[in-house]
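Peer 1: Provided herewith is a single structure, encoded as structure tokens, for subsequent inquiry.
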Amino acid sequence: MTDRTAPAAHPIAAPFAARWSPRSYEDRAVPDAALAQVLEAARWASSCFNDQPWNFILARKGREEDGYAKLFSCLSQNNQGWAGRAPVLMLGVARTAFAHNGNPNRHAAYDLGQATANLAAQAATLGLQAHQMAGFDAAKAREAFAIPEGFDPLVMLTLGYPGAAAALPEALATREAAPRARKGISEFTHLGAWGAAGSPA
Ligand SMILES: Cc1cc2nc3c(=O)[nH]c(=O)nc-3n(C[C@H](O)[C@H](O)[C@H](O)COP(=O)(O)O)c2cc1C
């Protein structure tokens, strides 16, 4: 398989360099213990007021078949073009009000994102890869899983062992092998003042 390690300009911790978003997956189940590990990593994310507003619906091919089919049906046509190769599908859902006082939690999505980033980094450490997706029908997911008001379906994920790009349709295989690119540090770092673009080193 092509090396997808991030060509980082400064040394970064192994899971961050190893994480990427595949579209091709091996036809191989994820061991239960590994799934527990990625969820455990999500569990230890920080969150506003330690509210832990994240929820994940998880369905495995051959195990939670009905849930897997329902999750798959919520994906956009583009994502359906590849996501069915993954042995695990997930839906990330944020509780939008704080548990301790019922007030709106402006950071619920942020916290779900942090938990999901932890999950993805832990997955990469285990040789797995997650691929997050905004391309899904949130209203359909709410209905399919009877997700109550006060909970926001925000992201879907594939999870599994990354597979060969060549197994994908040609257009997707090309994207899978394209160089990984990022903005430079100075394009998002403002040193001391808004607009004072710079990099500390
Ligand atoms: C919130 C979010 C939504 C995304 N939605 C999609 C999506 O619907 N379909 C898709 O193929 N990739 C999606 N991606 C993956 C991004 O395109 C990918 O993370 C980005 O191109 C960087 O590539 P990398 O994750 O391999 O570093 C999404 C990523 C995030 C974080």
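Please treat every number below as a calculation from the coordinates, not as lab data. This one's a predicted model, so the numbers in the text were calculated from it and none came from an experiment. Ideal geometry is used to build each Cβ from the backbone, glycine not excepted, and the neighbour counts take in all protein chains shown.
Peer 1: Run the quick spin-label model on Ala69 and Ala97: label points 7 Å from Cα toward the beta carbon, then report their separation in nm to one decimal.
Peer 2: 3.6
Peer 1: Assuming R0 = 25 Å, can you tell me the calculated FRET efficiency for the pair Ala196 and His10, based on Cβ-Cβ distance, to the nearest 0.05?
Peer 2: Between Ala196 and His10 the formula returns 0.80.
Peer 1: Further question on the same structure: Between Ala178 and Ala36, 0.36 nm times their residue separation minus their Cα-Cα distance comes to what? All intermediate terms of the calculation are to be shown ahead of the outcome.
Peer 2: Numbers: separation 142, 0.36 × 142 = 51.12 nm, distance 3.17 nm.
Here the segment from Ala178 to Ala36 would lengthen by 48.0 nm.
Peer 1: Using θ = phi - 60° and the Karplus form 6.51 cos²θ - 1.76 cosθ + 1.60, what ³J(HN,Hα) does each residue of the range 155-164 get, whole Hz, x for Gly and Pro?
Peer 2: 7, 10, 9, 9, 8, x, 7, x, x, 6
Peer 1: Still on this structure, please answer the following. In whole Å, how far is the Cα centre of the range 143-187 from that of the range 7-85?
Peer 2: 9
Peer 1: Using helices alone, I'd like the mean residue ellipticity at 222 nm for the chain: each DSSP H run of four-plus residues gives -39500 (n - 2.57), total over residue count, nearest 500.
Peer 2: -9500 deg cm²/dmol
Peer 1: Here's a follow-up. For the range 86-163, what percent of Cα pairs sit more than 14 Å apart?
Peer 2: When every Cα pair of the range 86-163 is considered, 64 percent fall beyond 14 Å.
Peer 1: In terms of Cα to Cα distance under 20 Å, which lysines are near enough to Lys140, apart from those fewer than 8 places away along the same chain?
Peer 2: Lys140 reaches Lys70.
Peer 1: Can you tell me the dipole magnitude for the range 21-164 around its Cα centre, using point charges on the Cβ only (Lys, Arg +1; Asp, Glu -1), in Debye to the nearest 20?
Peer 2: Computed charge dipole of the range 21-164: roughly 180 debye.
Peer 1: Now for a different question. How many nm separate the modelled label positions at Phe188 and Ala166, each set 7 Å beyond the Cα in the direction of the Cβ?
Peer 2: 3.5
Peer 1: Also, quick follow-up: Normalising by the residue count of the chain, find the relative contact order in percent from Cα pairs under 8 Å and 6+ residues apart.
Peer 2: 29
Peer 1: Also, quick follow-up: Sequence-distant or interchain residues sharing an amide H contact under 5 Å with Ser76, placed H: which?
Peer 2: Under 5 Å from the amide H of Ser76 lie the amide H atoms of Phe136, Asp137, each far enough along the sequence or on another chain.
Peer 1: To continue, here is another question. In sequence order, what are the phi-derived ³J(HN,Hα) couplings for the range 108-118 according to the Karplus relation 6.51 cos²θ - 1.76 cosθ + 1.60 with θ = phi - 60°, rounded to whole Hz, with x for glycine and proline?
Peer 2: Per residue, the Karplus-derived 3J(HN,Hα) values read 4, 5, 4, 5, 4, x, 5, 4, 5, 5, 4 Hz.
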